[in-house]
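Visitor: Just passing along the structure, written as structure tokens.
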């Protein structure tokens, strides 16, 4: 059993934190739909001017994926409503496919430089890849493996949360021109490393 599984069975705080952070960021992200982009996030205004379809094809599905993420890790929902869990999973996967492709397009057209573009582009590729493989494993009924890859997918979905925590700190320390390219990597690489650490196999002592 992975250390993550053991932790989730013995403590409620990871689940509570997952719900609070994802729902909060999803709600905050609605400002992109309720306010002009120049007010919601002036740094994204050039995307709206040049590629509005890609911008909102990333924002809306990403909000949906964030909002659905806690449901996919709800043991009660999975046990009581397996059919609903599967349909929510399909919607989660579709949201990431659309949002990831659009995010990849936005990354390649960022005006923040090659370092930032590469970081965000790789995030989009791994986000789509881990989720697609998790869905494939579910379709093959390889549930234990499916859950492991869903944890990796969740770690990358939570990049939206990490970015909003880290970016103000990085801007305060280094300024926007340096902080923004840094967050293009720091919002997801540590998340994925933590997921891999939690997924590492544990050994138990054998009786003599």
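Visitor: Would region 14-29 turn up any residue that is more than 22 Å from the chain's Cα centre (by Cα), surrounded by fewer than 12 Cβ atoms within 10 Å (Cβ to Cβ) and at pLDDT below 75?
Guide: no
Visitor: When you scan region 40-106 for helices (runs of 4 or more DSSP H) that lie fully inside it, which ones turn up with 3 or more residues that are in contact with a helix residue (DSSP H, G or I) (Cβ under 7 Å, 6 or more places away or on another chain) and either farther than 19 Å from residue 159 by Cα or modelled with pLDDT of 85 or more (or both)? Before you say what the answer is, go through the steps one by one.
Guide: On the way: elements: 45-50, 52-72, 75-80.
Of the helices (runs of 4 or more DSSP H) lying wholly inside region 40-106, those with at least 3 residues that are in contact with a helix residue (DSSP H, G or I) (Cβ under 7 Å, 6 or more places away or on another chain) and either farther than 19 Å from residue 159 by Cα or modelled with pLDDT of 85 or more (or both) span 45-50, 52-72.
Visitor: Still on this structure, I have one more. Please determine whether any residue of region 135-157 is at positive phi and over 12 Å from the mean Cα position of the chain (by Cα).
Guide: yes
The values are calculated or read from the model by the stated rules, or taken from the named source; none is laboratory data. On a predicted model such as this, the values are computed, not experimentally measured, just so you know. Every residue, glycine among them, receives a Cβ derived from its backbone with ideal geometry; neighbour counts consider all protein chains shown.
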